[in-house]
Amino acid sequence: MSTDDWRTFEGSGLHYGGFCTLLRECLERVGVRTSRVLYEGRKRGSGDSVPTEVRLTVPADPCVPEFEQVVVFAFELSVAEAHTTAARRAVREVHAHLRDRLARTPYRFVPRGCRDPRDLEREAQEFHHDDFEESDERLRVATRCIHAQDLTLCHYEREIEVLRRGWDNSIGHNAMLEGQLEGLSCCLERLDQTNCRLRDESNAAPDVFKDAEKIAMLEAKIVQMEEALHLRNKLIDKKRAQLRDKDELVGNLNTVLATKDGAINQLHHRLHRNYDNIVHLSSRCYRDRDMVERLQAAWERSDRRRRMELEELSAWIPVKYRKEPWEETPPALRGPQAWEWRLCAHGGAADRAG
C-alpha cells in the first residue's frame with residue numbers, strides 16, 4: 001500500500017469519551033486549560049477500523065508552573081483505540097507532573113486504572129493476604145474506570161438520538177412531497193381531460209367556425225399544460241434526489257447502530273470483568289481481616305496463659321531467692337511487642353545476676 005493512502009486528521013478527541021474525558025477532567029481539576037489539547041495523526045484508509053497513528057499534545061500552562069508540556073504517541077488498529085491509548089499514556093504523564101496537586105483528589109488513584117486490564121487480572125491472582133490498602137485502591141480505580149465507560153456509552157446514545165431525529169424529519173418531508181405530487185397528478189389529469197375535450201370540439205366543428213381567437217386560446221392552454229408538465233418533472237427529480245439522500249441516511253444510521261452495538265458489547269464485557277475483580281478482591285479482603293482477628297485473639301489467649309504460668313512458677317520461689325520482683329507487661333503492648341519487652345526485661349535481669 002502506498003503512502004498516498006494515509007489520511008491526516010486532527011481534533012480535540014472529546015467525542016471518543018473514556019480516557020479522553022478523564023484526561024480533561026484531571027487537567028481542569030488542577031487549573032490547566034484544556035482548550036489547547038490536540039490530537040493529530042494519520043490513518044490508513046477512510047473508515048474507523050484502520051491502522052492509526054496519534055500524537056497527543058498537552059501544552060504547558062503558565063498558571064501551573066510545575067506542569068510541563070506532555071507529548072505522547074500511540075499506534076493502534078482503529079481510530080478510537082489509538083485515541084484511547086494516547087489519552088491513557090497522557091494521564092500517567094500528567095499525574096507524574098502534578099502528583100502533589102492530585103494527591104487530595106479522587107484522581108490520585110487514576111494511574112493504577114491506566115494500565116492494561118490484563119495486568120490487573122494477574123495482580124488480582126497474586127494479591128497478598130495483608131495488602132488491605134492496595135485492595136481498596138484497586139476497588140476505587142475499577143469504579144472510576146466504570147464511570148468513564150458509562151460516559152462513552154452516553155455519548156453513543158446521544159449520537160443515535162440525533163440520527164433518529166434526522167430520520168423522523170426526513171420521513172415528514174417525504175410525506176409532504178408525496179402529497180404535493182398527488183395534487184399535481186390530479187391537476188395534470190384535469191388538464192389532459194380539458195385538452196381532449198377541446199380537441200374533440202375542434203375536430204367536430206366546421207372549418208368555417210374555426211377562427212383565430214379559438215386557436216389562440218387553445219395554444220395558451222397548451223403552453224399552460226407544458227409548464228405544468230415541466231413543473232411535475234422537476235418535482236419528480238427532487239423527490240428522487242431526496243430518496244437517494246434518505247437511502248444514504250439509512251445506511252449511515254445502520255453503520256452507527258452496528259458500531260454502537262459493538263461498543264456496548266465490549267463495554268459490557270469490561271464491566272463484567274471489573275465486577276468480577278471487585279467481588280474477588282472484596283472476598284479476599286474480608287477473609288484476610290477475619291484471619292487477622294482470629295490470630296489476634298489467639299495471641300491474646302496465649303499471652304494470658306504464659307503470664308499465668310510465670311506467676312505460678314514465681315509463687316514457688318522463696319522471697320529471699322528472688323533477685324527482682326515480677327514486672328507486669330504494659331497493657332498497651334500486645335502481640336510481638338509484648339514478647340520483645342519480656343525478652344529485654346529477662347535479658348537485663350540475667351546480666352545483672354551474672
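List of remarks:
- Cβ-placed point charges (K, R +1; D, E -1), dipole of segment 217-300 about Cα centre in debye, nearest 20: 160
- Extending 7 Å from Cα along the Cβ direction at Val71 and again at Asp290 yields two label points whose distance is 5.6 nm.
- Å³ per residue enclosed by the Cα convex hull of segment 157-283: 99
- Projected onto their three principal axes, the Cα atoms of segment 1-84 cover extents of 46, 22, 16 Å, largest first.
- Cα Rg, Dmax (largest Cα-Cα span) when computed across segment 249-298, Å: 21.6, 73
- Selection among Gln242, Leu163, Asn277 by position relative to the dipole of segment 157-283 gives Asn277 as farthest towards the positive end (Cβ unit charges, Cα centre).
- Magnitude of the charge dipole, segment 157-283, Cβ model with Lys/Arg +1 and Asp/Glu -1, debye to 20: 520
- Taking the charge dipole of segment 3-114 about its Cα centre, with +1 at Lys and Arg Cβ atoms and -1 at Asp and Glu Cβ atoms, the residue from Leu98, Ser78, Ser35 reaching farthest to the positive side is Leu98.
Read-outs: derived from the displayed coordinates by stated rules, not from any lab. This one's a predicted model, so the numbers in the text were calculated from it and none came from an experiment. So basically every Cβ, Gly included, is an ideal-geometry build from the backbone, and we count neighbours across all protein chains shown.
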